[in-house]
Amino acid sequence: MKRTHKEKITSVLALCAGAGLFIWFCIPLFWGVFHVGNGGGILFSLFLIAGGIWYVPLRSRMEQAKHAKLLRVLRRSCWGILAVCFAWAAFLTGCMLWPTPSPSGSGTVVILGCKVGSAALQARIDAAAEYLHSHPDAVAIASGGQGDGEWISEAEAIRSGLEQHGISSGRIYLEDQSTNTNENLANSRRVIEAEGLDPTCILVTERYHMFRALQLAQQQGITAYAFPAKTPWYLLSASYGRELLALTKFFLFPWME
């Protein structure tokens, strides 16, 4: 069965969107980064490509087998699911881009950890060092435990990186037990209380992650401001994909945080 003009346009759009997303989500692979963020994106892009290629042959076979009604149900269901997914992704993207409060005064710098040796962690270290150099009276909490495949804790890696930037070790406190953002904040708060530090927190993490970090801080009663780090461009797709899933968990399954 020949394609209609509308089907041709839809197939081309699906193929172009799928190919573009496939390339975008594969970029981090060249830097050795593969996790649920870009892995999920690659699977979704392949789904779009497959849909663009196989929809008409599948429709033809199902209509020949007199399953046209079932095909309409499946088609409408797929379009409905895609529409919901795109709308949800647009909402979450808006959350990531939502303006964050900048610090207007002093506070305790809390650097949220991520994988040791990653460009993302280095970006957070660089941003924290910039703030600490411009605020010589401020102290920092390096936060993050030791995960699978990490030879030291994220907190120790952050401290080492800050010291390489010329930040005195006396200005750096360690919190090396946390395994996620919620624990980063809760455990850092305990350090602040135990050491008598300024309870106002200046959170250092990447821009896409800041919305969720600030929301979690608010839930814990922590007064927090943002000092975002820049995400390396080649990690953006993987980071974005993973944060989509993390925000979905945050909004829909908050008891799992």
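The values are calculated or read from the model by the stated rules, or taken from the named source; none is laboratory data. Everything quoted here is computed from the prediction, not taken from an experiment. As a convention, Cβ positions derive from the backbone with ideal geometry for all residues, glycine included, and neighbour counts pool all protein chains shown. The accessibility values were calculated without ligands, DNA or RNA, using every heavy atom of the protein model including side chains. Shrake-Rupley method; radii C 1.70, N 1.55, O 1.52, S 1.80 Å.
Can you give the FRET efficiency to the nearest 0.05 for Glu195 and Phe91, using r as the Cβ-Cβ distance and R₀ = 35 Å?
0.35
From the Cα gyration tensor of the stretch 136-242, with a ≥ b ≥ c the square roots of its eigenvalues, which class applies: rounded if a/c is under 1.5, or else prolate if a/b is larger than b/c, or else oblate?
Rounded shape, in that the Cα axes give a/c under 1.5.
How much accessible area per residue does the stretch 1-133 have, counting only protein heavy atoms and a probe of 1.4 Å, in square angstrom?
61 Å²
May I ask for the distance between the Cα centers of the stretch 117-135 and the stretch 58-99, given as a whole number of Å?
Using only Cα atoms to place each centre, the spacing works out to 41 Å.
Return the distance in nm (one decimal) between the two label points of a simple spin-label model at His5 and Lys69, each offset 7 Å from Cα along Cα→Cβ.
Distance between the two pseudo-spin positions: 3.2 nm.
Checking the a/c ratio against 1.5 first, then a/b against b/c, what shape does the Cα gyration tensor give for the stretch 88-147?
It comes out oblate by the Cα gyration axes.
Using +1 on the beta carbon of Lys and Arg, -1 on that of Asp and Glu, and nothing else charged, what's the dipole of the stretch 111-189 about the Cα centre, debye to 20?
Charge dipole, the stretch 111-189, about its Cα centre: 120 debye, nearest 20.
Divide by every residue of the chain the summed helix terms, -39500 (n - 2.57) for each DSSP H run of at least 4, and state the resulting mean residue ellipticity at 222 nm, rounded to the nearest 500 deg cm²/dmol.
Helices in the chain give a 222 nm mean residue ellipticity of -20500 deg cm²/dmol.
Can you find, among Gly117, Ser134, Gln164, the residue farthest towards the positive end of the dipole of the chain? Put +1 on the C-beta of Lys and Arg, -1 on that of Asp and Glu.
Gly117
Given charges of +1 on the Cβ of Lys and Arg and -1 on the Cβ of Asp and Glu, with all other atoms neutral, how large is the dipole of the stretch 1-149 about its Cα centre, in debye to the nearest 20?
1540 debye
Tell me the carbon and sulfur percent of the accessible area for the stretch 65-190, rounded to whole percent, probe radius 1.4 Å.
The computed percentage sits at 57.
What are the DSSP H helices in the chain that stretch 24 Å or more along their long axis, judged by alpha-carbon atoms, and whose average Kyte-Doolittle hydropathy comes to at least 1.0?
What comes out of the filter, once short or polar helices are dropped, is 5-26, 68-97.
By what distance, in whole Å, do the Cα atoms of the stretch 196-257 stretch along each of the three principal axes, largest value first?
So the extents along the principal axes, rounded to whole Å, are 39, 29, 13.
When N counts the residues of the stretch 44-191, how does its alpha-carbon radius of gyration compare numerically with 2.2 N^0.38 Å, as a ratio? Don't skip to the end; give the middle numbers.
On the way: Rg = 24.5 Å, N = 148, 2.2 N^0.38 = 14.7 Å.
For the stretch 44-191, the normalised Cα radius of gyration is 1.67.
Please calculate how many Å² of accessible area the stretch 146-225 carries per residue, with a 1.4 Å probe and no DNA, RNA or ligand atoms counted.
48 Å²
Can you list residues from other chains, or at least 5 along the same chain, whose modelled amide H is less than 5 Å from the amide H of Ile172?
Ala140
Please state, rounded to one decimal and in Å, the Kirkwood hydrodynamic radius that the chain gives when every pair of distinct Cα atoms enters the mean of 1/r.
Numbers: mean 1/r = 0.0488 Å⁻¹.
One decimal place: 20.5 Å for the Kirkwood radius.
Of the options Gln177, Gly147, Leu203, report the single residue whose Cα projects farthest towards the positive end of the charge dipole of the stretch 136-213 (beta-carbon charges: Lys, Arg +1; Asp, Glu -1).
Leu203
Starting from the amide H of Thr205, placed 1.01 Å from N in the peptide plane, find each other amide H under 5 Å away whose residue is 5 or more places distant or on another chain.
When sequence neighbours closer than 5 places are left aside, the close amide H contacts are Phe227, Ala229.
Okay, which of the stretch 231-249 sit inside 20 Å, backbone N to the point 7 Å along the Cα-Cβ direction of Ala119?
Residues 231-244 fall inside that zone.
Ignoring trypsin sites (Lys or Arg not before Pro) that are buried or in helix or strand per DSSP, and keeping those with at most 15 other beta carbon atoms within 10 Å, what is the longest stretch of the chain between them?
Here the longest run is 67-229.
Quick check on my link table: of Lys115/Lys230; Lys69/Lys249; Lys8/Lys249, which ones sit more than 26 Å apart, alpha carbon to alpha carbon?
Going by Cα-Cα distance, Lys69/Lys249; Lys8/Lys249 fall outside the 26 Å limit.
If the only charges are +1 at each Lys and Arg Cβ and -1 at each Asp and Glu Cβ, what is the size of the charge dipole of the chain around the Cα centre, to the nearest 20 debye?
Values: 22 positive and 19 negative charges, 487 e Å.
I would put it at about 2340 debye.
Along the positive direction of the dipole of the chain (beta-carbon charges: Lys, Arg +1; Asp, Glu -1; about the Cα centre), which of Leu58, Thr108, Val84 reaches farthest?
Leu58
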